[in-house]
Each structure stands twice: as structure tokens, then as C-alpha cells.
Amino acid sequence: MPPSADDLASGFTPHRPELVARYRAAGLFDDRPLWSALADSARSRPEAPAVTDAATGDRLSYRELLAAADRRAAGFTEAGLRPGERVVVQIPNSVEFAVSFFGLLRAGLVPVLALPAHRIHEIAHLAGASGARGYLCGAAIGGSDCLGLATELQAAVPAVEHVFVDGDPGAFVRLPSRSGPWTPPAVDPDLPALFLVSGGTTGLPKLIARTHNDYRLNAARSAEIAGLTDADVYLAALPAAHNFPLCCPGLLGVVAVGGHTVFTQNPSPDAAFEVIENHGITVTALVPALAQLWCAATEWEPADLSSLRLLQVGGSKLAAADAAAIDAAMGPVVQQVFGMAEGLICYTRLDDPRESVHVSQGAPMSEFDEIRIVDPDGREVPAGDEGELLVRGPYTLRGYYRAPEHNARSFTADGFYASGDLVRLLPSGHLAVTGRIKDTIVRAGENVAADDVEEHLLAHPAIAHTAVVGLPDDALGESICAVVVPAREMPAPTLPQVREFLTARGLASFKLPDRVQTLDTLPLTSVGKVDKATLRDRLSRRASHR
Ligand code: OOB
């Protein structure tokens, strides 16, 4: 029996009825399908540009985007896919991403948004766990061939009967398009509209169901906080399948206000600066590593970036000094964003004092977000102290999809999601992210927070990037390894120099690195966060070969 729409609900955890009643009474949910934003803008601004591909120059107006999505929806349906069924999507940033994404939604199908960097291991897991019947891919994803991956996927997960390819499809078929009028099926707005994948750097990604109602709220409130209007031109430079460029406010927030989204697959400063200039980009979103690169590049890339009014930075911690440097180089443009695919999004606000924007990761976007900051026993810490962030709210998940074991660990009895992030509440009411609970090195019985040491290392003039990891050590349990990427044209500091520098800054002796490893670049995850799991793996392997 193929999976059906009923089967979509099984394994999905809704909020308790009394909470839903509270959210509804406040008017947070409008009970419309997620694709309504596109239909509305196609009606109010049919000829306005909706999406552009920076690489090819392909552009669709709102009228054209809706028509293309409907042709795709009709094509999916003709191929035999039915409302409620899941389809894994792995299409890089392009107009085709938008057409396929909205096409699936208009067909009542449920996209499972894989990232371009995912490979067979992750894709097979996402397809299996979601019960997917289809896989959409771009012939060249991240420089590698998706046709081979699709073949392996069908062998591993036979339920994936349909493979559609953007580009030369080989033995498969092209992304479909069938003309004629299209009427989208009715959907239950409280069921999943799409699945995001969790951003963890360990283990396989988990599925995060986002409902029509919660994701529409996410897009609308994010657009409001970013001050988006139909005059904004948004650059999708991070992979569009990620929550940040998709809906914070990203593509969906921009579509909701009738603005213009420009896609690029190349976020390097030389390429992106040209796109900003050519298209008059006003808003974009980056991870800190890229934002730093852009900031440095303003010194040598001649480009007019004056159209850019908002540079959102999030995904991992942006150091205060880096935030200030970006503001100094590019105008007061930084907005810090602390978010998660699981739900909660915090933003610094456009009218916050710049100092506050530099030192904090923002405040929750909805007044209905309930935050608790707790100690390891689950008790709330005194205001201002560090603790783990727990959250419950109208757009935060109540359970991972079909993952009861994870859910038993990740949620409190009253439905708060335990984020694993360590935060402090600042007097301004904003949060400062101080680390991850699991990112602790236990060296000779002492707990050392990696972030603490990293923050001090970044103050060293010869260090551009750093990651501190624990490595297995017979004598100490774990030893502390500081991986450093030297600043341009600077020699990397030696271990004694690093220890002396940190000691002078008042760091306790048990936190001092036992080893310094110099690298040209740090390994990054699919969206550009430092991939500590890979780093640890590489360094331990290197050590055991000695
Ligand atoms: C975003 O989402 P995910 O799901 O890829 O990763 C979430 C995790 C958070 O739990 C936190 O550990 C970290 O990424 N994180 C930050 C951060 N923003 C995210 N850590 C420190 N400072 C920040 N500003 O990464 C994401 C989703 C939507 C918008 C922005 C980021």
C-alpha cells in the first residue's frame, strides 16, 4: 500500500489542544495553505519580478511563477503522486528550486528539504524516515552527480518510485510540466506542509514537520521584523532548503510581501558582490564564516554595496568584534539571528542600539514564545546566569517526526523543546548564546566549554578562525586541541605562544590547549557551520597514525 495523506499525520505530534486554543484566540493562525502567499502576490502584483537566477539570468514574474508551479503540480499528479505524499527535494539555489517547491505545495505534496551537501547516507535516511515516494534533484548538486545517487536511493528505499531531474535525466525523467488549468487540493493547515532537517553535526538529520499555519506565521512575523516590503530584493546565498534563507524571512517572507528573490549558488564575495550591485540587493542572510569573508573582502573587492540595508547573520555564534567590524565596513547593516529548524527564531530588532546588536543574538520573534533557561537539573537559573534554553511556542515543534526515542529525550513533560543551546538573558531582554551543552571537553575531570576558549583565541591578532575540540587521551580522558586558521599573511602562533596569550587574558590553566593544529580552512557543514564531528574525526585519525 503506498503511503497516503492519512499516513502523513501518523508520527506527527501536534501541540496540546489548550495551547492551540490560546494561539488561535490570539489570531496567530490563518488556516490557509502555505502556497497562499504566492497566490496572493500573483493576484496583487502579477507582473512584478518574483524570482531570478543570478547565474543564468532566468526570471519569472509572480504570474509566471504561479503558472509554472501549477504546471509542475499537474505533472507530479499525472505521474501518480497523491496529496499528502512526501517528496525529497535536493535542488540547488535556482528558479527551479522555487518552481518545484511551490509546485509540490500546489499539488498537496509535502517537500522534504534535503541540503545540496547531503549524500546517499543522509538522503536514504530522510526518504526512509519520511516514507517518501519521490526524489527531485538537480543533475549537478554540489559538483557531484545526482543520477548515481538516485540509483542508489531507489535500491536502498524502493518506495521512492519517482525520480525527477533538473537537467539531463539519464535513465530518469525531467522535472514535469503539464499545461491546463490546475485546482490545488484542500489541505489541513494544522498538518505538515513540509519537512526541514535538523542541523546537528552528529548523527543522522531528524525530520522536523512544519505545518501550514506555523510556517505562515514564521514567514509573516519574520518579514515584519525585517521591515520587508515589495521594494526589497533578497539574495538567497545560503542553500534555500535551509530554514534561514527559506523562511526567516527568506524566500517565503519575500513572496508574502511581493518582493523579489535572487538565487545564487556562489556566495563567495567576488561573485556575490557583483550580484548585489547588478540586482540592487537590499537584504541577505549569511552564516558568520561567510559574513566575515565578505567583511574582509570589502577591502579589496571594488563593489557598490550601498543597496544592502540588512545583512542577517546567524547559524552559529557571531563574535561581537566581528559584528562591529561588519557594521563598520558595510554600514549599520547587521541583524543577528539565532534560530533553529525546530522553531524558535530570535532577531535583533532594526531599532536596537548598535551595541546591543553586536553583543546579543536577539529576542524571540513572537510574544507567544515561552522561554526557560535551566540548570542541569531542569531548574530555572537566576536571571542573567547561563543555562540551557528550553522553548515552547506557536511555531516550535512538539516532537520530531516518527522519532519517539529522540522525543523522549528532547522534550519536557509540558512540551518544551530542550535546545541544547546554552544562553544568558541580558538586561535588554535579548539572549546571548554562550555555547552548546554537548560542546564541553572533559579534561582530567574538569569541564571546559569549547566556546569559552574559542572566544579568547579569536582575540589573538594572528588567528582568523578557530575551533576547539576534545580528543581522546589515555592520561587525561580528553585533551584540548585548538585548531587555528591563521589570519592573512600571519604565521600561526605556536603552542607556547597560545598558552601564554590565553594565560595573560586570565584563562584558567586547566582550560589551556594541549595542542595547536594549524589548518588552511575549517571543515564546514552543509550550511557553513564549523563541522566539529568531522574535525575531531580527522584529528583523532591523524593522532592514531603517528
Ligand atoms: C539555524 O538552524 P539549524 O537548525 O541549522 O541550527 C540550529 C542551531 C541552534 O540550536 C544553535 O545551536 C545554532 O544552530 N545557532 C546559533 C545561532 N543561530 C543558530 N548559535 C549561536 N548564535 C546564533 N546566532 O542555524 C538557523 C535557522 C533559522 C535562522 C537562523 C539560523
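The single condition among (1) in contact with a strand residue (DSSP E or B) (Cβ under 7 Å, 6 or more places away or on another chain); (2) of a type in the set (A, V, I, L, M, F, W, C); (3) near the ligand (Cβ under 10 Å from one of its atoms) that Val275 does not satisfy is (3).
For region 469-506, a residue qualifies if it is under 17 Å from Ala449 (Cα atoms) and free of Cβ contacts under 8 Å to residues at least 24 places away in the same chain, and the qualifying residues are Arg499, Thr503, Gly506. Put simply, of Ala5, Ala98, Ala50 the only residue that is modelled with pLDDT under 95, buried (at least 16 other Cβ atoms within 10 Å of the Cβ) and on the phi < 0 side of the Ramachandran plot is Ala5. When Leu495, Leu507 are checked against the criterion of being more than 30 Å from Ala240 (Cβ to Cβ) and touching a His at 6+ places or on another chain (Cβ under 6 Å), a single residue qualifies: Leu507.
Taking the listed residues Leu175, Leu196, the one that is more than 14 Å from the ligand (Cβ to nearest atom), farther than 14 Å from Leu109 by Cα, touching a residue at least 12 places away in the same chain (Cβ under 8 Å) and of a type in the set (A, V, I, L, M, F, W, C) is Leu175, with no other qualifying. Scanning region 305-334 for residues that are near the ligand (Cβ under 10 Å from one of its atoms) and of a type in the set (S, T, N, Q), we see that the one that is surrounded by the fewest Cβ atoms within 10 Å (Cβ to Cβ) is Ser316. Scanning region 343-356 for residues that are within 16 Å of the ligand (Cβ to nearest atom) and surrounded by fewer than 22 Cβ atoms within 10 Å (Cβ to Cβ), we see that the one that is nearest to the chain's Cα centre (by Cα) is Arg349.
Hey, does region 264-279 have a residue that's touching a residue at least 24 places away in the same chain (Cβ under 8 Å), surrounded by 24 or more Cβ atoms within 10 Å (Cβ to Cβ) and in contact with a Lys or Arg (Cβ under 9 Å, 6 or more places away or on another chain)? Looking through region 264-279, none of the residues is touching a residue at least 24 places away in the same chain (Cβ under 8 Å), surrounded by 24 or more Cβ atoms within 10 Å (Cβ to Cβ) and in contact with a Lys or Arg (Cβ under 9 Å, 6 or more places away or on another chain). Within region 254-273, which residues are out of contact with any Phe, Trp or Tyr (no Cβ under 8 Å at 6 or more places or on another chain), closer than 27 Å to Glu47 by Cα and not hydrophobic (A, V, I, L, M, F, W, C)? Matches in region 254-273: Thr264, Gln265. None of Gly477, Gly528, Gly470, Gly506 is crowded, with 18+ Cβ neighbours inside 10 Å and more than 16 Å from the ligand (Cβ to nearest atom) except Gly470. Scanning region 482-512 for residues that are closer than 20 Å to Ala464 by Cβ, of a type outside the set (A, V, I, L, M, F, W, C) and either over 31 Å from the mean Cα position of the chain (by Cα) or not in a loop (DSSP other than H, G, I, E, B) (or both) yields Pro486, Glu489, Pro491, Pro493, Thr494, Gln497, Arg499, Glu500, Arg505. Within region 103-124, being over 19 Å from the mean Cα position of the chain (by Cα) and assigned to a helix (DSSP H, G or I) holds for Gly103, Leu104, Leu105, Arg106, Ile120, His121, Ala124.
If you go through region 132-191 and keep only what is within 19 Å of Leu66 (Cα to Cα) and among the acidic types (Asp, Glu), you end up with just Asp166. Residues that are among the aliphatic types (A, V, I, L, M) number at least 2 in the following strands (runs of 3 or more DSSP E) confined to region 1-94: 49-53, 86-90. In region 236-249, the residues that are farther than 16 Å from Val88 by Cα and near the ligand (Cβ under 9 Å from one of its atoms) reach residues that are among the charged types (D, E, K, R) and at pLDDT 95 or above with C-beta atoms within less than 9 angstrom, at least six apart or across chains, in these pairs: Cys247/Arg210. For region 57-74, the count of residues that are touching a residue at least 40 places away in the same chain (Cβ under 8 Å) and over 21 Å from Leu104 (Cβ atoms) is zero.
Please work out if Val337 is within 10 Å of the ligand (Cβ to nearest atom), crowded, with 22+ Cβ neighbours inside 10 Å, without any contact (Cβ under 8 Å) to a residue 60 or more places away in the chain and not in a loop (DSSP other than H, G, I, E, B). For Val337, the condition - within 10 Å of the ligand (Cβ to nearest atom), crowded, with 22+ Cβ neighbours inside 10 Å, without any contact (Cβ under 8 Å) to a residue 60 or more places away in the chain and not in a loop (DSSP other than H, G, I, E, B) - is not met.
For region 173-193, the set of residues classified as over 18 Å from Thr77 (Cβ atoms) and surrounded by fewer than 20 Cβ atoms within 10 Å (Cβ to Cβ) consists of Asp188, Pro189, Asp190, Leu191, listed by residue number. Among residues of region 388-413 that are under 12 Å from Gly11 (Cα atoms), those with a Cβ under 7 angstrom from a residue that is crowded, with 17+ Cβ neighbours inside 10 Å and basic (Lys, Arg), sequence gap 6+ or separate chain, pair up as Tyr400/Lys206; Ala403/Lys206.
The values are calculated or read from the model by the stated rules, or taken from the named source; none is laboratory data. Small disclaimer: the values here were computed from a predicted structure and weren't measured. Note that we place each Cβ from the backbone using ideal geometry, even for glycine, and neighbour counts take in every protein chain shown.
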